[in-house]
Amino acid sequence: MLKKLWILVFLAVSCQATFPFFNPITERLVEYKDAQNTVQQGFLAYPTFSSPLKKRPAVIVFHAFTGRTEFDNGKARDLAKVTRLRGIRCRHLWKGKSRSRCSWKLCDNGTVVGKPVSMDTKRALQKFYYRTTILRNRIMSSWNYVKALPFVDTNRIGSIGFCFGGLCTLDLARFNVGLKAAVSFHGTLTDYPGNGTTIDASVQAHHGDEDPHTTNADADAFLVEMRRRNGDWDFTRYAHALHAFTLPGVENWGIPGAKFDPIASNRSWSAMEAFLAEKLLCSPPNKLYAGSISSPGSAPFDVVLSGRLISIYKLKIKPTHTLRKEKVCCSACNSYYRRNSKLLIPQCTDDRSHKILQNSRYQKCLEAGIRKKVPIDFMENLVEQDRIRKTIFENSYAKNGKRLLLEDILFKNFNNYTQRLGKIRLSNWIAVSQLTSIDFLSNLYFYQQLVPSDQIQFIKATRFRFFFLSLAMKCYEEGKRELEYPDGSDIFPNNILRRSPFIEAEHLQKIRTTLIEKLAELKIKQEEFLRLMVLLSCTTALALSDHLSIIGKSIIEDAKTEISSLLMKHSEQQYGVAARIRYVELLSVQSVVDWTHKSMDNVQCLYDLKRTDNKKLEGYLYKFE
């Protein structure tokens, strides 16, 4: 049984009115008071589908010396994602602010009750009085609030902190209040005055070897303190790392001795992942996995759920039943389908709705964040699917091309093609081009994870642009300078200029040539083109499909991230240090594709002014009549 970790992210400054999206969670603002009766406000988020009665571990995160910034928001998002990879499946994020700015600002940016002070005064504020009274009260107020939450396992609470937050998390460990694990990133390591007790919490500290603010002498003193306190500690120095090495762009803030170090940042974050999983989930280090996990003999898809090996099955319900549904699922899903496959299953309506599966554990797994990863043979499949698409496009005739609904194409097993024996009309070229585009898009590895309504929205948003881009690539490979069909037919009707006086020949010529010119300018190759085509399809679907479900958006967003990574890796292999420039150049194709689609849409409307209901075009195949 997989254990779940609810993460409480504590950021001790002002919250914005809106918050980043974490899928799928419930979000709400919470308030509590410190010892001085100052109202604190926090942001609480937790998985909607999780039982509030089951207690889970939690993590408090204290912000850096800058207060809450987009960096802290990003770390909260990263922590949520990383926890899923490390066996921390459910996310619980909490960000805080102080209604009274002076209290938290005492030790982070030199502000005392709103008045600016010098750096010397700022350092002085970290001394005995403020650290042992106001700051201690604020740290304890956050601890007490988290501990009092009914769904938190009080025996498994951890904390992490950056810079000033590192001081806070180490002090919380020194207080011996029951903290399980504490992680400090380039934090102040000064011993707490008047406190020499042992430390029950496990401590992990990450320190820049060339940090001028917290020096190596301070680090050595910290190690002496840890030994004296007889603690379970883990201390790491990073070569050439300065202060605030996890904060991107900190070197531009005018802070002497502070610089972002990506190597130290990545290594320290990875070490923290394993540390929290070990201490809060009781996962031995040798059971932690950094990458994708798949069981022997499973399908070529990965489900990544940290540190816990998940059995993946490509399940087929027995052929004796009328409903034959293939799923990629976890062990729990496999048990569900195996158990339910013994029952009488209703006759399949062949519309792919399969409502019997809509409330299954497979859907719950999707809601929880389990995703079908990019198949190992992704590129081989992509090349093969594109070859099939081209063969059908060049040699087939669309049987049902006239005013065929998308729902019919997607959910009914029509034989849409027949062998082409001679020249065909423009309307059928348009039909067969889009039918082949739909077939290609519906075979993408993440498409089958979408529910039927999301599948329709995805195809609606992407099929036109996919058609224009794939046709332009074919013409470019054949050395043609204008968009045309394989038999040399123009993409526009012969009578288009006679029928509509509002359409200019120059504009039509620009539509024919612009996209091909862009591909020729980039000298794009087939392998990067296929990756780019899938990536742009995901980007377009997310930008245009307002009716996608929350889970659908998450699935497509995950696929977009994975394909983007594949495209970047390919660019690095081919172009070395110029990979990022090449990657940006490839993405610039998006704007040209969008312009081509918009221009074609405008021409379509001008061609037939009698059609005023443009929404009708969304449901039927796009064609000139």
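The values are calculated or read from the model by the stated rules, or taken from the named source; none is laboratory data. Quick caveat, the model's predicted, so the values are computed rather than measured. Backbone-built Cβ (ideal geometry, glycine too); neighbour counts: all protein chains shown.
Output the number of residues of the stretch 145-171 satisfying the condition of being closer than 30 Å to His213 by Cα and in a strand (DSSP E or B).
6
Select from the stretch 447-467 the residues that are touching a Lys or Arg at 6+ places or on another chain (Cβ under 8 Å) and crowded, with 22+ Cβ neighbours inside 10 Å and list them in ascending order.
Gln449
Would it be correct to say that Lys399 is farther than 28 Å from Asn495 by Cα and at pLDDT below 80? Write out each step before concluding.
Details: farther than 28 Å from Asn495 by Cα: no; at pLDDT below 80: yes.
No, not satisfied.
Do you know which residues across the stretch 539-561 are modelled with pLDDT of 85 or more, within 15 Å of the chain's Cα centre (by Cα) and β-branched (Val, Ile, Thr)?
Selection gives Thr539, Ile555, Ile556, Thr561.
Out of Leu435, Leu426, which single residue is assigned by TED's automatic domain parsing to the domain that holds Glu394 and either basic (Lys, Arg) or crowded, with 22+ Cβ neighbours inside 10 Å (or both)?
The unique qualifying residue is Leu435.
Which of (1) more than 27 Å from Asn37 (Cβ to Cβ); (2) crowded, with 18+ Cβ neighbours inside 10 Å; (3) at pLDDT below 90; (4) of a type in the set (Val, Ile, Thr) does Val183 not meet, given it meets every other one?
(3)
If we scan the stretch 556-573, do we find a residue that is acidic (Asp, Glu) and free of Cβ contacts under 8 Å to residues at least 12 places away in the same chain?
Within the stretch 556-573 (the criterion being acidic (Asp, Glu) and free of Cβ contacts under 8 Å to residues at least 12 places away in the same chain), the answer is yes, since at least one residue qualifies.
Kindly provide the set of residues from the stretch 27-55 that are crowded, with 19+ Cβ neighbours inside 10 Å and either modelled with pLDDT of 75 or more or outside any strand (DSSP E or B) (or both), ordered by number.
If the condition is that a residue be crowded, with 19+ Cβ neighbours inside 10 Å and either modelled with pLDDT of 75 or more or outside any strand (DSSP E or B) (or both), then Asp34, Ser50 are the ones that fit.
Being at pLDDT 85 or above and in contact with a Lys or Arg (Cβ under 6 Å, 6 or more places away or on another chain) is true for just one of Ser571, Ser470, Ser564. Which residue is that?
Working: Ser470 fails: in contact with a Lys or Arg (Cβ under 6 Å, 6 or more places away or on another chain); Ser564 fails: in contact with a Lys or Arg (Cβ under 6 Å, 6 or more places away or on another chain).
After applying the criteria, what remains is Ser571.
Conditions tested, residue by residue: (1) part of a loop (DSSP other than H, G, I, E, B); (2) exposed (fewer than 15 other Cβ atoms within 10 Å of the Cβ).
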site	(1), (2)
Asn195	yes, yes
Ile199	yes, no
Ala205	no, no
Ala221	no, yes
Val224	no, yes
Arg227	no, yes
Ala241	yes, no
Leu247	yes, no
Ile255	yes, no
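Inspect all residues belonging to the stretch 604-611 and state whether any of them is of a type in the set (Phe, Trp, Tyr), modelled with pLDDT under 85 and assigned to a helix (DSSP H, G or I).
The initial filter retains those residues of the stretch 604-611 that are of a type in the set (Phe, Trp, Tyr), namely 607.
Imposing the further condition that a residue be modelled with pLDDT under 85 reduces the set to 607.
Still in the list and also assigned to a helix (DSSP H, G or I): 607.
Checking the stretch 604-611: at least one residue is of a type in the set (Phe, Trp, Tyr), modelled with pLDDT under 85 and assigned to a helix (DSSP H, G or I).
Go through the stretch 574-593 and give me each residue that's without any contact (Cβ under 8 Å) to a residue 40 or more places away in the chain and either β-branched (Val, Ile, Thr) or more than 16 Å from Phe529 (Cβ to Cβ) (or both).
Gly576, Val577, Ala578, Ala579, Arg580, Ile581, Val584, Ser591
If you go through the stretch 191-211, how many residues are at pLDDT 90 or above and closer than 16 Å to Phe164 by Cβ?
Number satisfying all stated conditions: 5.
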